[in-house]
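The next block holds one structure in the form of structure tokens; read it before the comments.
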Amino acid sequence: MNQARNGGARRVCVLSGGVGAAKFLSGVVAAGAGEETAAVVNTGDDTSLYGLRICPDLDTITYTLSGRVNQQAGWGLAGETYGARQELQRLGDEAWFTLGDRDIGTHMYRTRRLAEGATLTQVTAEIAIGIPVALLPMTDGSVATRVTVELPRDGQPHEVVEIDFQEYFVKYRHAPRVVRIGYRGADRAEPTPEVVEALGAAELIVIAPSNPLLSIWPILSLPGLAELVASRRDRVVAVTPIIAGKAVKGPLEAILDSLMHQSDVATIASLYAPYASTLVIDTADAGRSAEVAAAGIEPLVTSTLMTGTRAAADLAGVVLEALWS
Ligand code: GDP
């Protein structure tokens with residue numbers, strides 16, 4: 001494994017979740033900066049099912065950057081088949097978590113290598129072979145994002161329960177109201193040395209257009225990382241995941257409404273102001289620039305909707321401008 005694969009020498013470090021981050025990173029690669037970039041990837045969504053270790057955000061980025069992602073879904077592999085899932089369902093298994101047949105191969109490989117004693121960082125580099133961006137799991141330890149939700153019950157008051165992130169996201173299709181989000185184990189899990197080095201050495205740190213509370217906060221909850229990113233605030237640029245008060249995809253809007261009573265670009269500004277000096281906001285929100293600035297973060301207005309590789313490359317180009325100018 002060479003130095004570049006481990007990410008230490010990279011000029012750009014991108015804090016990353018899944019789909020939004022993967023699209024942004026495809027833009028970074030198309031803009032010609034893939035080899036200069038390391039991605040620190042959330043593992044709070046990771047889960048074990050059927051004895052297999054599943055890392056959704058790492059796999060979404062890997063499949064996207066290798067050009068094999070299911071473009072419509074934004075995750076999973078294109079041209080996937082679901083024979084294993086059909087067999088499970090035939091046997092009466094609920095099989096609520098969609099696992100494609102070839103995708104299962106990735107999880108089998110990862111599970112075997114981890115059982116042999118390899119770290120998640122090593123296995124990820126093996127799986128991401130050929131990808132220019134260095135993919136760095138935020139930790140080789142165990143962190144589980146836990147979501148406290150109100151589960152509706154037929155004809156009765158709802159029940160407040162804490163569930164695993166994937167149960168919330170996939171089993172319940174992120175429909176229940178969220179009342180709390182926690183990152184179990186984050187206070188004890190160490191960020192890897194590769195992550196600390198990548199964040200410490202980068203000339204530019206980017207917070208990808210990801211879900212702040214489900215994808216970025218698990219990373220910043222690891223010991224020392226919030227302080228490290230805040231100490232480099234002058235070099236940190238965040239990209240909004242909210243456009244005109246709406247999440248492009250997923251439950252972010254509903255979660256912000258529930259936990260922060262507001263879900264617009266000013267909410268994103270207040271969340272990221274301690275960590276980033278610039279917030280890239282969408283042209284649709286240009287009129288909110290003064291509010292963003294008042295939250296203590298400089299707005300940079302551009303088109304942020306990544307409708308394809310070209311749009312993602314244009315967005316990446318604007319973000320990387322700071323580095324190249
Ligand atoms: P997940 O872990 O797969 O949910 O993915 P992320 O946390 O990386 O990204 C989810 C967030 O990305 C959502 O809040 C979306 O609003 C945001 N997002 C997705 N696509 C785009 C886009 O094209 N532009 C912007 N600005 N945000 C996006």
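Annotations
- Failed condition for Ile61, given (1) in a loop (DSSP other than H, G, I, E, B); (2) under 22 Å from the mean Cα position of the chain (by Cα): (1)
- Residue among Val237, Val292 that is touching a helix residue (DSSP H, G or I) at 6+ places or on another chain (Cβ under 9 Å) and more than 17 Å from Val28 (Cα to Cα): Val292
- Members of segment 25-35 that are over 13 Å from the mean Cα position of the chain (by Cα) and touching a residue at least 12 places away in the same chain (Cβ under 8 Å): Ser26, Gly27, Val28, Val29, Ala30, Ala31, Ala33, Gly34, Glu35
- Test: residue in segment 36-50 that is within 11 Å of the ligand (Cβ to nearest atom), surrounded by fewer than 22 Cβ atoms within 10 Å (Cβ to Cβ) and within 14 Å of the chain's Cα centre (by Cα): no
- Any hit, segment 214-224, residues being aromatic (Phe, Trp, Tyr) and either open to solvent by less than 40 Å² (accessible area, probe 1.4 Å) or free of Cβ contacts under 8 Å to residues at least 12 places away in the same chain (or both): no
- In segment 240-252, the condition of being away from the ligand (no atom under 16 Å from the Cβ) and part of a loop (DSSP other than H, G, I, E, B) is met by no residue.
- For segment 64-74, the candidate set comprises residues that are assigned to a loop (DSSP other than H, G, I, E, B) and within 16 Å of the ligand (Cβ to nearest atom); within that set, the residue that is most open to solvent (accessible area, probe 1.4 Å) is Gln72.
- Residue match in segment 5-24 (condition: touching a residue at least 24 places away in the same chain (Cβ under 8 Å), more than 11 Å from the ligand (Cβ to nearest atom) and at positive phi): yes
- Positions within segment 256-290 being acidic (Asp, Glu) and closer than 17 Å to Ala238 by Cβ, in sequence order: Asp264, Asp282, Asp285
To keep it simple, each residue is scored yes or no on (1) in a loop (DSSP other than H, G, I, E, B); (2) surrounded by fewer than 21 Cβ atoms within 10 Å (Cβ to Cβ); (3) within 10 Å of the ligand (Cβ to nearest atom).
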residue	(1), (2), (3)
Ile255	no, no, yes
Pro274	yes, yes, no
Ala290	no, yes, no
Val301	no, yes, no
Met306	yes, no, yes
Ala322	no, yes, no
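- Segment 75-111, subset in a helix (DSSP H, G or I) and open to solvent by 70 Å² or more (accessible area, probe 1.4 Å), residue farthest from the ligand (Cβ to nearest atom): Arg90
- Residues that are touching a Ser or Thr at 6+ places or on another chain (Cβ under 7 Å) and either open to solvent by 50 Å² or more (accessible area, probe 1.4 Å) or more than 17 Å from Ser48 (Cβ to Cβ) (or both), drawn from segment 162-182: Glu162, Arg177, Val178, Val179, Arg180, Ile181
- Residues considered: Leu228, Leu259, Leu222, Leu213. Of these, the only one that is part of a helix (DSSP H, G or I) and under 16 Å from the mean Cα position of the chain (by Cα) is Leu213.
The values are calculated or read from the model by the stated rules, or taken from the named source; none is laboratory data. From a predicted model like this one, the values you see are computed outputs, not experimental measurements. Quick reminder, even Gly has a Cβ in these numbers, built from the backbone with ideal geometry, and neighbours come from all protein chains shown. These accessible areas exclude ligands, DNA and RNA; they are computed on the full protein's heavy atoms, side chains included. Shrake-Rupley method; radii C 1.70, N 1.55, O 1.52, S 1.80 Å.
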